[in-house]
Structure formats: C-alpha cells, structure tokens
1. If we scan segment 493-504, do we find a residue that is at pLDDT 85 or above, surrounded by fewer than 20 Cβ atoms within 10 Å (Cβ to Cβ) and in a loop (DSSP other than H, G, I, E, B)?
2. Of (1) buried (at least 18 other Cβ atoms within 10 Å of the Cβ); (2) closer than 20 Å to residue 252 by Cα; (3) under 30 Å from the mean Cα position of the chain (by Cα), residue 304 satisfies all except one. Which?
3. Taking residue 488, is it touching a residue at least 60 places away in the same chain (Cβ under 8 Å) and assigned by TED's automatic domain parsing to the domain that holds residue 553?
4. Please find, among 544, 587, the residue that is farther than 29 Å from residue 464 by Cα and either at pLDDT below 85 or buried (at least 18 other Cβ atoms within 10 Å of the Cβ) (or both).
5. Within segment 370-395, can you find the residues that are part of a strand (DSSP E or B) and either within 24 Å of the chain's Cα centre (by Cα) or not assigned by TED's automatic domain parsing to the domain that holds residue 350 (or both)?
6. Could you list all residues from segment 324-346 that are part of a loop (DSSP other than H, G, I, E, B) and closer than 18 Å to residue 270 by Cα?
7. Would you pick out the residues in segment 431-450 that are closer than 18 Å to residue 402 by Cβ and part of a strand (DSSP E or B)?
8. For segment 556-582, how many residues are in a strand (DSSP E or B) and buried (at least 19 other Cβ atoms within 10 Å of the Cβ)?
C-alpha cells in the first residue's frame, strides 16, 4: 500500500510540472474536481511523451474554422461542418435587384435557384470505365485517386476518354498488325481442338463469325419478294423524305362528300337555309338521341356549331382530320379537311363561318377556307398550340391569338403573317382564351392553376387570380349576358367568376356532381343563360339550373369521356356532344 501511494505521488508531481513552466493548463487536467481517489496511470517507461502544444493548436484552429460561416462558392470543405453551419443564411450584402435574395438571372425555378447536386453522368461514366480498364479512378472531390496507384503514375493519370492522339494512332497500328498476323498465321492444332467451336482457332479457321479476324463479305441474292419489298420501302422513304425536307408540312388535302358544292340557284353548300330562325327564346333540356355522326377513326376532341345558324357542325378528330357535318338536312359528312400530321386539339370559326382555325399537336395552326377546303395560312412557333381564337370584333378578324405549350399567348396578324405581340406571364401551358368587356380584355387559364386578365394588345397582366385552393381550369365559357365566366375546375366543380372590374369568384354559385378530374371537358351555357352544361369523364352530359345550382338532368352520351358539348344557337332544345369513342351525337 505504501508503494502504491508513493507511485501516485510521483505521478502527481510529474503532472504538476508543465503548469509551473507556463504551458497550457487545459492539457494537464487529469484529476476530477470531486474528492475521488487518484487514478492509477501507466509508468513513464511504457508511455511516450507527447508534445501537447501542437495538439492544443490543432484543436484551437479546428474550433476557429468551424465557428466561421461556410463560403457558398467553396466547392471543397476540409472538415465536417455541422447541420447548423450548412443551413446558416449566406453572409454578405443582399443583391439590390434580387427578388427573395436571388438575382433574376440566377432563377431557374419558380421558387428560386435550384442547384444540381448530383455528379454529372458523363463524369461518372468516365471514372467508372477508367476504373474497369486501368484499375484507378478519381474520387468525386477530384483531390485524390483510388485504386492501382502504380498504373496511375505510369499512365500519367489519364482517363479512358482523354487518351493522347499519338497513343491512339499507336494502338490502331498495333491492332492492324495483329489482325494481319492472324490472317497469315497457319494454325497447327489437333483435330479434337479444331472441332470444338468454343476455341479461337476454330473461329479463325472457319471464318463464320464477325469476331474472328476480318469478316469476309458474303453477297447473297435476294428473292423476288424481298426485292419487291425493298423497292416499296425505298419509295416510301423517299416520299416521306421529300415531304419532310426543309421542314415542309404534310400535304394539305380536302375531300367533298356532298352531292354538289353549289345548288341550282348557285348558292354554296355552306350557305345557311333561309328558314333557319329561332323557334322561341326559351331553352329546354333534351331528352332523347336524335342523330349520331360517325366518321372519325379515333376520338373527337372538340365540336363547334356554324356561327349564328348552326346548320353545320365542325369536329376536330384525334385521327388528324377535321370534318364538317350537315345538321338540318341529310345529316351526312360534307367535307373532310386533312392537313395535320398529328391529332387536332382545338378548332374555332371566324364570325361569319366562312373560315376556321385548327390547332394540332404537330405544332401547326392552320387557317382554312370552309367552303373550298384550302389552307389560307399556316402558323407555327415550334411549340404545341393548345387553344386558338380570333378577335371577336368584326374589324379585327385578321388577329389570331394562340395559347402555347411554352406558357406564352402569341398574337399574329394573319395578313402579314407576323407576330405582333407575345403575352408571357404564365408559369404553365395556356389552356383557354376568353374575350370579355366588349372584347377589350381577355381572360386566360393555364396549367399553373391561375387566371390572368389582359388588356388586348398590352402584354401586362391587369388582374392575377391565384388562390391556394384553386385547381387547373382547362375550359372556360362566357355567360350569354357577358357578366359571368364559368370555369371547369379539375377538382370536379364548375366555378363562376364575375367579368366586372374585380373578376371575383361568386361563392354562391358552384356546380358539382360530375367527375372531370384529369379531363379538359368543355363547359357551356344555354343561349338563354338558364342552364349550365358540361360533359364528364364517365361519358355523361350534365345539366344544372343557373339560379338554384341544382342538377337538372344527366344523359349517358358516350362510352368513355364526353369531352365536348355545344348548345344549338337556334334550336333551343337541341344539344350536340362529342366523345373519345369517335362519335358526335345530337340530342
């Protein structure tokens, strides 16, 4: 016990010495503050003496480094920062012209700037292939290498993608030399080995495989059937190439299906019948099917009655064709317009119905003559047009507006074929354009779940409507009295907005019950404004009473989606619907 006490005293004296010499006291604290007995330490001979000063300095430097904020431009951090440091705000002066602290040029997302944090795929492939070929690769920081360092030194750290040019030539020559040697070499092997197809010697001797030296060119004669097929294929390819050369569109064609284009009095087939007048001003909801038009081989995406008279109905098909059908007399297809190479998305008549617009997924907008079927003009910005509209004013029928997939509304003067204005504020593809306030303004809806109101000709938003509860509104219709807009919302309801100065949501009027989530089903009003009508995703057509907002009637119209519905402008109790089953029905 005396020996143990003596040894402990010696250790205490030894530990007290550095404090007297003025060294850092923090490194000498061994005893605990409470009165516990001293710990038994190792002897002097077994523990090497450590220079405490360097250790203390290193710790102090690390603490100082970690207390500093991280420089956001720094790509490599030499220590492990804490969570708080990583998420600390950036120090320094704010950008004077920045919104939310981010300069406009840096913004690449609607919420700010998003930096790509993953390793570039090319860099990854380069290092992956280098490792598999040479046995070494650079780690993502780029500071050091892993793997076979001897080969790294020998190759001077090159990767598989940056082999020097002289090295490439040298390797090509070596490969050529080897292949020539293989051609000249006669192989003497046992019969058993040659008969084994798994050996290289068998491959070299028989020459029936592309990987056994140079491949011999074997010309086999084609059969008559193969020659015929090859000629047809070449001819088709040539025709296709000629059509697509210099970005030329598909050839515009039209076919007239009626008996005669002009009657004995010289009137055109699109002329409205003289006795076409409104029967009465009161609208009634239809009860039964009157007629079905079938001619489209795929779904019908939109229908439009001939303006004012409704004696013809125009339909846009997903089979790339646009057809016009007789409503009053024969009930047959009168003309087919073929000019788009992909499905037709939207159609729109001019005020007198003699011309109409089509927008297709082939990124083209075409302006057609209804009577002759000729394409008057073709417009394109290289983006998909989702909606096309002419200015409703009679003196502005040469002005075309199109909502595009690149978030813009583009305005063309059709006489000069020039873009006269671009309305670029939306954050998603533009779905609808609706003129209000005596055509001085127009409302647009978009995939960004907002409504924007524009002054015609001025690319500045005068009203922006966006609420957290709002959904995308792919179809909007104007009430006959021009005071209200009905918007088909993708949360299975129809919302009503005022077209007055404030463009407020009318919370008292809301039409629901139908299922339209995911479909751009058209919404419409009866000519007297008493009923609201809409198709739905289950093939039904719904009718609501405008005043009470109650469901008046539902008709099962189509198999699949009932995408479009239009009320006849003169015969107030008749309605046309179209669906993805390729049919147009008249009720």
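1. No, segment 493-504 contains no residue that is at pLDDT 85 or above, surrounded by fewer than 20 Cβ atoms within 10 Å (Cβ to Cβ) and in a loop (DSSP other than H, G, I, E, B).
2. Status for residue 304: all satisfied but (2).
3. On the way: touching a residue at least 60 places away in the same chain (Cβ under 8 Å): no; assigned by TED's automatic domain parsing to the domain that holds residue 553: yes.
When the stated conditions are applied, residue 488 does not pass them.
4. 587
5. The initial filter retains those residues of segment 370-395 that are part of a strand (DSSP E or B), namely 375-379, 385-390.
Result: 379, 385, 386, 387, 388, 389.
6. First pass over segment 324-346, keeping only residues part of a loop (DSSP other than H, G, I, E, B): 327-332, 339-343.
Listed by number, the residues that qualify are 327, 328, 329, 330, 331, 332.
7. Looking only at segment 431-450, we keep the residues that are closer than 18 Å to residue 402 by Cβ, and these are 431-435, 439, 441-448.
Those that are closer than 18 Å to residue 402 by Cβ and part of a strand (DSSP E or B): 431, 432, 433, 434, 435, 441, 442, 443, 444, 445, 446.
8. Of segment 556-582, the ones in a strand (DSSP E or B) are 556, 562-567, 575-579.
If we keep only those that are buried (at least 19 other Cβ atoms within 10 Å of the Cβ) too, we end up with 562-567, 575-579.
The qualifying residues number 11.
The values are calculated or read from the model by the stated rules, or taken from the named source; none is laboratory data. Everything quoted here is computed from the prediction, not taken from an experiment. Don't worry about glycine lacking a Cβ; one is built from the backbone with ideal geometry, like all the others, and counts go over all protein chains shown.
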